[in-house]
Amino acid sequence: METRDVRHPPRPRARLGLELRGALALAGTLLKWLSLAPVFPAVLALGYGDPVLPFVVASVVGATAGLALERVGRGAGPVVGTREGYLVVALTWLLAAALGAIPYLLSSDPELSRPMDAYFEAMSGFTTTGASILTDVEALDRSLAMWRQFTQWLGGMGIIVLALAVLPRLRVGGRQLLEAELPGPEVDELGSRIRQTARRLWALYVALTAAQALILALLGWTGVDDRMNLFEAVAHAFTTMPTGGFSTEVRSIELYAAATQWVIVVFMVVAGANFALTYRALLRRQPRAALRDEELRLYAVALVVGSALLILVLERQDLAGSASAVRTGIFQAVSILTTTGFATADFNTWTTLALITIVGLMFVGGSAGSTGGSIKVVRHLMIGRALRRETRLAVHPELVEPVRLNGVTVDERTIRAIIAFVLLYVGTFVAGAGVLALDTSLQGPDVRPIHVIAAAATTLGNVGPALGSAGPEGNFSEFSDVSKATMSALMWLGRLELLPVLVLFTRSYWRR
Amino acid sequence: MRAADGSAGARRRPLLEVDARGALGLVGTLVKYLALAPLFPAVLAVAYSESPWPFLGTTAIVGAAGLALERLGGETRTSVGSREGYLVVALTWLLAGVVGGLPYLLAGQQHLDRPVDALFEGMSGFTTTGATLLVDIDTLGNAMAMWRQFTQWLGGLGIIVLALAVLPRLRVGGRQILESEMPGPEVDQLGERIRQTVQRIWLLYVGLTVAEALVLALLGWTGVDDAMTPFKAVAHALTTIPTGGFSTESRSLEAFAASTQWVVVVFMVLAGLNFALLWRAAVGRRLRVLARDEEIRLYVILLVAASAVLAVELVGKTVSGSDAPIRHGVFQAVSLMTGTGYASTDFAGWTTLALMLLVLLMFLGGSAGSTTGSVKVLRHLLLGKVLRRELRQTLHPELVIPIRLNSTPIDERTLRAVTSFVLLYIGLFALGASVIAVDSAIQGPEMTPLDVISAAAATLGNVGPATGPIGPMLSYEPFSDVSTVVMTLLMWLGRIEMIPVIVLLTRRYWRV
């Protein structure tokens, strides 16, 4: 990258030429602001008497690197265009994960002392995946445990901007659909609109997190849930709204009271819905308009069907144990479909149908304007409509028939982008599963085919738990470094909706 | 087939209503000719002094039914257009499955004496799948065993017409590409050209079958393979060239010598090639025609890569077939990728990596102009090109980049049909696997998730054997009737490339 710039410095760049330095500078600015994040756990560490140094170092290193990058691009023009956007987005998430890994590396925890493990854990945080290499989360210092939760919450903030403001502009995977729904002033000035939109949705995000933390804490104070305290309430609120799934407990949500589990179900469902719609329903008081949304309806149907299948299995096989089959089924279906990744049961031991349902749900994802990962409901909806049209066109090739969403005609370019996205997603999944299968064959661990499939699907879809040793009550520590790097890459790819990363690997991105 | 003859005539009709009677009439004619097929095993039965009545009975019933249908169609038959084509194709294969199953039913064959089961075996024959319900094939009478093989050979004849002449006219899944490759005089008179093409390729098909039978028989006569008799030589030639996979042996090709297995590998590879190109290469004595074709190159690369991975994986593992890793690796890779379904060893016990690769191969298929099922290499190739272009167009939305195959630009309509086909294929696979998963959870048999996945993939892709309880040396017998019917449907849908059936399910097809 750098060398190429040196080689052709004098040539005046054409309109579409890549403004590499400008992109680096913007990524640097973002990193600079992000380096304020470890201050929060540092304060906590002071309070709990934990080592403060890891967070301070992270802050300093992050700020230094951010400022250095900013300086690199000082001479560059202020305009960062679409083309630079891909690089900024891709780099920002990579750098965020690097920043997130520093406290882990410097901590006393032996499980996080290797760079690959620390990076995996941090990438899983900032991509709101929830996959972990820790065997015993409860052994972590409280401040470090909260940092882990906090990375997901910050990741979620980033995703809101990404999903609702950045990706549509970058024409990623048919994201253009969402633009119409954005709250905010109808100003054409890009920067100001993004800023306004982001601010409004962030306010909603913060409010929902606070609401959940309060309700959970209330359950603890009133004695409904003995295990719940303020720390745990905040920690889990931090990872519910971004559909993250990190928990401060080894057994995730299983040991909490039924009431707590139901509260989390409700907030997961909200987190998996389109934030722009939630905004409209709650703040503009137009709940009926929001309920008429076609994606929201399909999302609800998918949740019901997934829950019903799991309940069926649990009832028939009597697998739920002392917990109720209905609650266990609904919780797992909601958690996996919204790509949160909390668990109230070790579904690893469930039967074939349950496992297939769970892996199948990993490919659904939440609504398009949410913090959920994976393919997302609106794309499934549009694919269904496009295919139905295609079968009609087989009989009447001369027909011109638009595809609509919520009564609005969707243009063909968008439909093509959605089809391409889904196919790319499947291809990336197959490639990822292939690498994991090869690597586990060479370096272990001993896994079954569905475990490999689940590991690839869960990381690409930013869900969290897989099956086998990496099940909901297990962890990813047994995988080799190659596998961990592969899965970190899958989380990164999945979170950024593939294209910003894949585009960087085309020759035409860097040339002309 | 005559279905395409009247496509010009169809346009002259004022309303695009389906001429159901005309379609039925044509189906009747086809079925009438099919009634002659059981005469071959009937003759064999007399020679082996077995009962010829099941076959003669089938001929009588089917002949009568065909004539009745033909009469129903009356005089309208000449105006069968492309719209009726879907109905003709779908019905013909369904009825062929019935024809194939009748002798089993009439003979009261063990495991096939119920209509559902007989239809499954008949459909598996005529779709050249190779999935069987028979537990002990060795106990089958000679004539009945040969009928089973013969149904696959006839199915292959039908597929050649379907793949090279009918489906392209029906605009199914981007099949139009093949039209340019058809050998034959460049006459605009459509019917004439198709008839010529089909005759030539049938000749090639018969020639290849005879050649394989001779080579195999020679191996038996010269004592290289003691297990090979002329009967078995013919029987296996009849199921290799249509990439069928039925065997007269319970242990499939494991029952034969290594040299026999290598011969079968060569013919499987040939059977997976584009027959139109193969004809051109054979007649013109120019192998370069094959070597220059992009699809065939990818086909060879995929075969070599899959064989290599399997061979390496088998080395040093304690699984069946690791005594000769290269032979068994190559054999299984070729057999499953071409959708033949023979096995040279019981791969059901192979390692995770090997099993995952085998299931993945089921989604590849051979060349588009061959008798193989599944997605086919051509579509994978075009899909790759479409996705690469999509990445470039994400950067440069204003660019118009044509996609070329063998340096010929492919039109957008065709590309759309290809992407839709692949998505439909994935959707149907997921649907089929879900139904099998639900049914096996309720009625058994007990299967792992991979077994469920492979069962759906093996039937939809017309491969044959799957993994686990339906492995290559076992049978589909443990399934309930529901699953049996679902898999029969999957074979049928996969064979005629889904769209002719799906189109029939739309309201539009029957109205307007």
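The values are calculated or read from the model by the stated rules, or taken from the named source; none is laboratory data. As the structure is a computational prediction, the values presented were derived from the model and not from experiment. Note that each Cβ is placed from the backbone with ideal geometry, even for glycine, and that neighbours are counted across all protein chains shown. Please note that ligands, DNA and RNA were not included when accessible areas were found on the heavy atoms of the full protein model with its side chains. Shrake-Rupley method; radii C 1.70, N 1.55, O 1.52, S 1.80 Å.
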### Task
With all protein chains present, calculate the accessible area of A:Glu478 using a 1.4 Å probe and round the result to the nearest 10 Å².
110
### Query
How big, on average over all directions, is the shadow cast by the Cα convex hull of segment B:379-507, in nm²?
10.7
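Carbon and sulfur: what percent of chain B's accessible surface (1.4 Å probe)?
On the way: 11930 of 18430 Å².
Carbon with sulfur: 65 percent of the solvent-accessible area.
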#### Entry: Other protein chain Cβ atoms within 10 Å, averaged over every residue that makes up A:348-357
5
### Query
How about segment B:349-363: which of its residues lose at least 40 Å² of accessible area in the presence of all protein chains relative to their chain isolated, using a 1.4 Å probe?
B:Thr352, B:Leu353, B:Met356
#### Entry: Solvent-accessible ranking of B:Arg508, B:Arg21, A:Arg227, largest area first, probe 1.4 Å
B:Arg21, A:Arg227, B:Arg508
### Message
If I model a spin label at A:Ala258 and B:Leu214 as a point 7 Å from the Cα along the Cα→Cβ vector, what separation in nanometres do I get?
### Response
7.8
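Can you give me the span-like helices of chain A, meaning DSSP H runs with 24 Å or more of Cα extent along the axis and Kyte-Doolittle mean at or above -0.5? Could the numbers behind the result be given before it?
Details: long enough: A:53-72 (28 Å, 1.52); A:82-106 (37 Å, 1.33); A:142-161 (29 Å, 0.43); A:190-221 (46 Å, 0.78); A:294-317 (35 Å, 1.16); A:377-395 (28 Å, 0.19); A:412-443 (46 Å, 1.22).
Qualifying helices, which must be both long enough and hydrophobic enough, are A:53-72, A:82-106, A:142-161, A:190-221, A:294-317, A:377-395, A:412-443.
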### Accessible area in square angstrom per residue, the protein assembly as shown, 1.4 angstrom probe
37
### Selected from A:Pro168, A:Leu106, A:Val435, residue furthest toward positive end of dipole (chain A; charges at beta carbon)
A:Pro168
### Query
Given the C-alpha centroids of segment A:188-260 and segment A:385-407, what is the distance between them in whole angstrom?
42
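Suppose only helical runs count, i.e. DSSP H with n ≥ 4. What mean residue ellipticity at 222 nm does that imply for chain A under -39500 (n - 2.57) per run, divided by all residues and rounded to the nearest 500 deg cm²/dmol? Could you put the intermediate results ahead of the total?
Details: 21 runs with 315 residues, N = 512.
My calculation for chain A gives -20000 deg cm²/dmol from helical runs alone.
In debye to the nearest 20, how big a dipole does the protein assembly as shown give about its Cα centre with +1 on each Lys and Arg Cβ and -1 on each Asp and Glu Cβ?
Values: 85 positive and 78 negative charges, 915 e Å.
Once rounded to the nearest 20, the dipole reads 4400 debye.
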#### Entry: Convex hull projection area averaged over all views, chain B, Cα basis, nm²
24.8
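Can you pull a Stokes-Einstein diffusion coefficient for chain A at 4 °C (1.567 mPa s), Rh from Kirkwood over Cα pairs, as a whole number of µm²/s? Could the numbers behind the result be given before it?
Details: Rh = 23.3 Å.
The estimated diffusion coefficient comes to 55 µm²/s.
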### Message
If you take each beta carbon of peptide B:494-500 and count the beta carbons of other chains within 10 angstrom, what is the mean?
### Response
1
### Task
For B:Arg288 paired with A:Ala300, estimate the spin-label separation in nm (one decimal), with each label point 7 Å from Cα along the Cα-to-Cβ line.
6.6
### Query
Once the Cβ-Cβ distance between B:Ile61 and A:Arg507 is put in as r, and R0 is 51 Å, what FRET efficiency do you end up with, to the nearest 0.05?
0.20
### Query
Can you work out the FRET efficiency for the pair A:Leu442 and B:Ala305, with r the C-beta to C-beta distance and R0 = 22 Å, to the nearest 0.05?
0.85
### Summary
Whole-Å distance linking the alpha carbon centroid of segment B:200-225 with that of segment B:445-512 is 31
### Query
Helices from chain B with mean Kyte-Doolittle at least 1.0 and a Cα length along the axis of 18 Å or more, per DSSP H: which?
B:20-34, B:82-107, B:258-271, B:294-314, B:412-443, B:481-495
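Summarise the accessible area of segment A:62-129 (1.4 Å probe, protein heavy atoms) by the percent that is carbon and sulfur. Mind dumping the intermediate values first?
Details: 1700 of 2480 Å².
Carbon-and-sulfur percentage of accessible area, whole number: 68.
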### Task
Highest first, please rank the peptides B:392-402, A:465-475 by the mean number of other Cβ atoms sitting within 10 Å of their residues.
A:465-475, B:392-402
### Task
Using R₀ = 56 Å, calculate the FRET efficiency as 1/(1 + (r/R₀)^6) where r is the Cβ-Cβ separation of A:Arg316 and A:Arg71; round to 0.05.
0.30
### Task
Provide Rg over Rh for the protein assembly as shown; use the alpha carbon set for both Rg and the Kirkwood Rh (inverse mean inverse pair distance).
1.00
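Need one number: buried accessible surface between chains B and A, 1.4 Å probe, both sides summed, DNA, RNA and ligands left out, in Å² to 100. If you can, show how the numbers build up before the last one.
On the way: alone 20700 and 21710 Å², together 37890 Å².
The summed interface area works out to 4500 Å².
What is the mean number of Cβ atoms from other protein chains located within 10 Å of the Cβ atom of each residue in peptide B:433-441, rounded to a whole number?
Values: counts 2, 5, 0, 3, 10, 6, 1, 4, 11.
Counting Cβ atoms of other protein chains within 10 Å of each residue's Cβ and averaging gives 5.
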### Task
Take each of the peptides A:49-59, A:337-347, B:405-415, A:374-384, average the number of other beta-carbon atoms within 10 Å over its residues, and list them starting from the highest.
A:337-347, A:374-384, A:49-59, B:405-415
### Task
Treat each spin label as a single point 7 Å out from the Cα along the C-beta direction, and report the B:Val485 to A:Leu230 distance in nm.
6.3
